[in-house]
Amino acid sequence: MTKQTIRVAINGTGFAADYTARTYGMIPHRNGVEIELAGVVSGRRENAEVFAKSHGVAAAFSSHAEMLEAVSPTIDNICCANFAHAPYTMEAARAGVPVIVLEKPPVVWPGYTEGRQADAATRKRESMDYLAEVFDVVRAAGSKLLYAEDFVYFDGMKGIVELLTEARKAGKGKVLYQRGVCAHQGSHAPAYDTPEKSGGGALFNKACHPLGPALFLKQVEGILTNGKPIRPVSVSAAAMQVLKHQPESSGEFFRVMQNVDDFGRLTVIFEDQTIAEVVGHDLSISGIRNEFSVITDFAQYDLRVNPNNENELFLPNAEYAGNLLVREKLPTAQGTSFPRPNQFYSHGYVGEMNDAVSCALNVDQFPQSGALLAWDTMAILMAGYESSDKSGAAVDITEYTTSGRQFGEHEIPNPALFGSVFQRV
């Protein structure tokens with residue numbers, strides 16, 4: 001049997017790059033396929049070299065363009081600082097990379113890197129114009145874009161899609177109300193509190209996570225019903241800096257953001273008059289919280305990814321756990337906690353990268369979380385800041401969604417190929 005090699009390139013050496021590199025060794029086995037970690041890039045070459053050595057990556061680079069030319073990757077993972085997402089995606093597409101895995105958020109307002117200031121409405125318009133440019137380049141190159149929203153790839157999400165598919169056979173399957181949260185005590189990434197590098201705070205970088213599956217499920221519902229995704233049409237939001245305005249003692253267990261919001265709330269109305277509410281914040285003193293709930297016309301489904309009491313641990317002294325990460329962002333393992341073994345699986349990373357590999361192997365397969373999801377997410381996030389500036393007033397986004405950019409079949413989900421998690425009786 002001739003072995004097919006998939007060459008993987010990784011941009012960045014931080015948290016996202018670490019789980020990306022580790023995840024490729026965990027995806028479901030495929031006979032005759034070899035996945036090679038072919039290259040890693042960092043603005044600091046020494047960081048790339050250390051990362052390459054510790055993760056078994058074949059070569060280290062200090063330039064993305066240099067890596068693309070030397071490696072010719074099958075999959076290019078854009079998991080570096082947010083401000084580099086757009087230029088690296090376009091570089092990858094122009095270099096002919098078949099599959100581009102773009103971490104969230106997809107782009108950062110270009111005015112930040114140009115040293116400009118503008119109101120939220122202007123930032124929204126220019127950001128969407130920038131994203132359109134990126135997507136035009138990807139389309140012209142024929143690359144497949146996977147928008148790396150790991151919440152979409154939770155096993156529970158696959159379960160909900162299976163249930164929606166079955167319910168349609170009985171005349172049900174309407175998603176009525178969704179709510180979700182993503183929170184911890186503040187990102188440790190140096191770039192996070194710098195808007196020109198991160199693009200924003202908790203609304204932009206945390207509320208985006210539960211927003212992803214909320215948009216995805218409405219897309220799936222519409223596709224199952226009449227072959228057309230159901231799109232969002234308006235947004236109201238609040239983005240605040242809570243800890244910055246409290247006594248210094250209040251910030252003892254948190255990273256206090258000085259330049260970006262540490263709380264974000266989004267209320268999204270869809271074209272069928274259903275609703276989703278999502279929250280992202282840096283005020284969780286007890287470690288990461290990833291939760292999502294769906295109410296339909298036939299059932300309620302609650303996903304408790306973190307914390308989840310499937311496993312319970314009591315440690316009288318955190319020292320006994322050594323350097324084991326029992327749960328992401330948990331400040332101490334001492335006392336009672338709910339550890340998350342194999343969190344790369346439970347957090348959706350394995351399913352996400354498995355989708356990328358499947359798209360690389362099969363010319364007719366396209367990402368479940370694709371350009372449409374990235375586009376609607378970006379429109380909502382930027383409109384969210386505009387709404388917050390207007391004291392929570394609703395902002396119409398139909399110019400970008402229902403009457404805006406059109407997306408082809410290869411840029412939207414295919415529920416039939418999403419996978420399954422339930423046994424059949």
Across 164, 381, 315, the residue with the highest GNM fluctuation in the chain (Cα network, 10 Å cutoff) is 315
For the pair residue 133 and residue 414, the simple spin-label estimate (label points 7 Å beyond Cα toward Cβ) gives in nm 3.3
P(r) over all Cα-Cα pairs of segment 47-153, 10 Å bins from 0 to the longest distance, whole percent per bin, short to long, reads 14, 41, 33, 12, 1
PRE zone check, label point 7 Å out along Cα-to-Cβ of residue 191, amide N under 19 Å, scope segment 35-60, hits 39-52, 60
Computed, not fitted: 222 nm per-residue ellipticity of the chain from DSSP H runs ≥ 4 (each -39500 (n - 2.57)), nearest 500, equal to -10000 deg cm²/dmol
Here the tail fraction of P(r) beyond 18 Å, over all Cα-Cα pairs of segment 281-365, rounds in percent to 57
In cubic angstrom per residue, the convex hull of the chain built on its Cα atoms measures 158
Two pseudo-spin positions, 7 Å from Cα along C-beta at residue 365 and at residue 70, lie apart in nanometres by 3.1
With DSSP loop assignment and no more than 14 other C-beta atoms within 10 Å, the trypsin sites (Lys or Arg not before Pro) in segment 6-35 are 30
If the chain between residue 394 and residue 122 were fully extended at 0.36 nm per residue, the gain over the current Cα-Cα distance would be 96.3 nm
The alpha-carbon center of segment 120-194 and that of segment 266-280 are separated, in whole Å, by 13
GluC sites (Glu not before Pro) in segment 79-161 lying in a DSSP loop, each with at most 13 other Cβ atoms within 10 Å of its Cβ, come to 114
Distance in Å, no decimals, from the C-alpha centre of segment 286-331 to the one of segment 1-72 is 29
In vacuo Debye sum over C-alpha of segment 152-344, base-10 log of normalised intensity I(q)/I(0) at q = 0.09, 0.11 Å⁻¹, listed in q order, is -0.40, -0.58
So the compactness index of segment 310-352, its C-alpha Rg divided by 2.2 N^0.38 Å, takes the value 1.24
In segment 152-344, lysine pairs 8 or more places apart or on different chains with C-alpha atoms under 25 Å apart total 20
Here the gain from full extension of residue 272 to residue 45, 0.36 nm per residue of separation minus their alpha-carbon distance, amounts to 76.7 nm
Simple spin-label estimate for residue 3/residue 345, 7 Å along Cα→Cβ, in nm, reads 2.5
If one builds a Gaussian network model of the chain from Cα atoms under 10 Å apart, the most fluctuating residue listed among 385, 349, 177 is 177
Per GNM of the chain with C-alpha springs under 10 angstrom, the most fluctuating residue out of 212, 251, 287 is 251
Segment 134-158 scanned against label point 7 Å out from residue 224 along Cα→C-beta; backbone N under 11 Å for 158
Expected unfolding gain across residue 317-residue 302 under the 0.36 nm per residue rule, minus the alpha-carbon gap, is 2.1 nm
Those trypsin sites (Lys or Arg not before Pro) from segment 116-194 that are DSSP loop and have at most 10 other Cβ neighbours within 10 Å turn out to be 169
Computed from the beta carbon distance with a Förster radius of 35 Å, FRET efficiency for residue 285 and residue 169 to the nearest 0.05 stands at 0.20
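Every number in this text was worked out from the coordinates using simple rules, so none of it is lab data. Values in this document were obtained by computation on a predicted structure and should not be read as measured data. Glycine also receives a Cβ, built like all others from the backbone with ideal geometry; neighbour counts cover every protein chain displayed.
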